[in-house]
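To start, the structure itself, in structure tokens.
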Amino acid sequence: MSLVVAVLCVAGCGAVLPEEQLVSRTWQALSLLELEQRIGDPLLDYKDPEYRITPDGGLVTFLDRDNTIWLGGVDSNGHLVPADGRGTPLGTNGPYFRSANGPEFGVSARGEAVVWTGVDTTGVRQFFMYRNGVTTQLTHGTVDVSANLPCKDPQAVEQKILGFTLVGGVQSWFWITESDPEVKHQVPLAKFGSAGPWWYLDTSRILTNTNDANGVAQVTLVEPDGATRVLTSGGQSKVDMLAFRAPERGGAPVLLTILEERRQNRKLAFFDVNETTPVVTPLRVVPFATDLRSPEPFVFQSSSGASVVVSGQGSNDIVLVSLDGTVTPVSGSSPLARTDPETFVIGSSLFVSYYATSRTDPIALFHTRLGP
């Protein structure tokens, strides 16, 4: 997932790793098998790739420079199939730098789908969906929609999609269903980080944030009927809210969020989930001396945590932050504007995939591979 309005940093911003010296910077259980290996075609753009993984490989979708949405494969080594990833063209109308997101995989009882923001014949940004060989334009309004974040809820009777409109500089979040896409179900959002609301695990519930009585943004769970449950309390504002099931805690849900202090002094925090009593004290807080963006949960064997972009001067770097506070750099030392890490597991390997933006060169796709 990538919200381009917040995360693209073409000039780059170099990383400074956590200022807290007690945080380990090695991961004893894993070793780097491939550090920042470039994959795909060096002459082709790979804008915001997303992955749908199976035990021996999976699928990938992305946009190229011509705004064509492609659906390709991923083999057991994390490489694209075909070698450039251009398997099936789904559409040629994906205005990446105007849509705030690239294509995304969605899941419902109707099957798997790819959803993206495309331009209709009048130049308005709309949601489009590809499923079972058919591309459909979902929305048809006169106001641009952006973000195209589909849920992955196999119990949902149809595909649901999160997005936002931007009118007069005001960002308004909502979700829609594929059968009634013109009805926008509003979603509150008190404070924007590098991403907006997101679906809670593989359900039709939504994680966002709302302000408490002191004006501090707290993680909030939104039910399909609009009812809300505040999950955190006190402390600093929480942005970029996501959840995963942590094997270290018996598979219990854990919240991942960024604590917003100053832009150059952010913290990554993990919280337990309690739907009846807001949680005050996080499980773990890892401070950084720089900005953080684009957190992405990972679960690998008996460990879990998040990848995150650490930005400062000269480049954007990618690190893994495990639930126990261990920090592992997973990008190289060259000054690249690395963006939007995606984590996935194939076999006995954990892959961290990301792309590097440039004003002139094609957008390059990389992965780092870790294993026992």
Next item on the list: Search the range 356-372 for residues that are charged (D, E, K, R) and pair each with any residue that is surrounded by 23 or more Cβ atoms within 10 Å (Cβ to Cβ) when their beta-carbon atoms are under 9 Å apart and the residues are at least 6 apart or on different chains.
Entry: 369/78; 369/350; 369/351; 369/352
Item checked: Checking residue 115 against (1) crowded, with 22+ Cβ neighbours inside 10 Å; (2) outside any strand (DSSP E or B), the condition it does not meet -> (2)
Check: Of all residues in the range 263-313 being within 15 Å of the chain's Cα centre (by Cα) and charged (D, E, K, R), which is modelled with the highest pLDDT?
Finding: 296
Check: Of all residues in the range 341-355, how many are over 20 Å from residue 84 (Cβ atoms) and either free of Cβ contacts under 8 Å to residues at least 60 places away in the same chain or not aliphatic (A, V, I, L, M) (or both)?
Finding: 6
Margin query: Going by what's in this entry, would residue 289 be described as assigned to a strand (DSSP E or B) and more than 26 Å from residue 139 (Cα to Cα)?
Written below: no
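Residue by residue, here is whether (1) of a type outside the set (A, V, I, L, M); (2) buried (at least 20 other Cβ atoms within 10 Å of the Cβ); (3) touching a His at 6+ places or on another chain (Cβ under 7 Å); (4) over 28 Å from residue 34 (Cβ atoms) holds:
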residue: 271; (1), (2), (3), (4): yes, yes, no, yes
residue: 283; (1), (2), (3), (4): no, no, no, yes
residue: 302; (1), (2), (3), (4): yes, no, no, no
residue: 323; (1), (2), (3), (4): no, yes, no, no
Next item on the list: Determine, yes or no, whether residue 106 is over 28 Å from residue 240 (Cβ atoms), at pLDDT 95 or above and part of a strand (DSSP E or B).
Entry: no
Notebook entry, point to check: Assuming residue 69 fulfils every condition listed in (1) within 20 Å of the chain's Cα centre (by Cα); (2) over 20 Å from residue 162 (Cβ atoms); (3) surrounded by 15 or more Cβ atoms within 10 Å (Cβ to Cβ) apart from one, which condition is it?
Noted result: (2)
Next item on the list: Of all residues in the range 78-96, count the ones that are under 15 Å from residue 123 (Cβ atoms) and of a type outside the set (S, T, N, Q).
Entry: 2
Notebook entry, point to check: Given the residues 30, 59, 63, which is the only one that is crowded, with 18+ Cβ neighbours inside 10 Å, within 22 Å of residue 116 (Cα to Cα), modelled with pLDDT under 95 and among the aliphatic types (A, V, I, L, M)?
Noted result: 63
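The values are calculated or read from the model by the stated rules, or taken from the named source; none is laboratory data. This one's a predicted model, so the numbers in the text were calculated from it and none came from an experiment. Glycine gets a Cβ as well: all are built from the backbone with ideal geometry, and neighbour counts include every protein chain shown.
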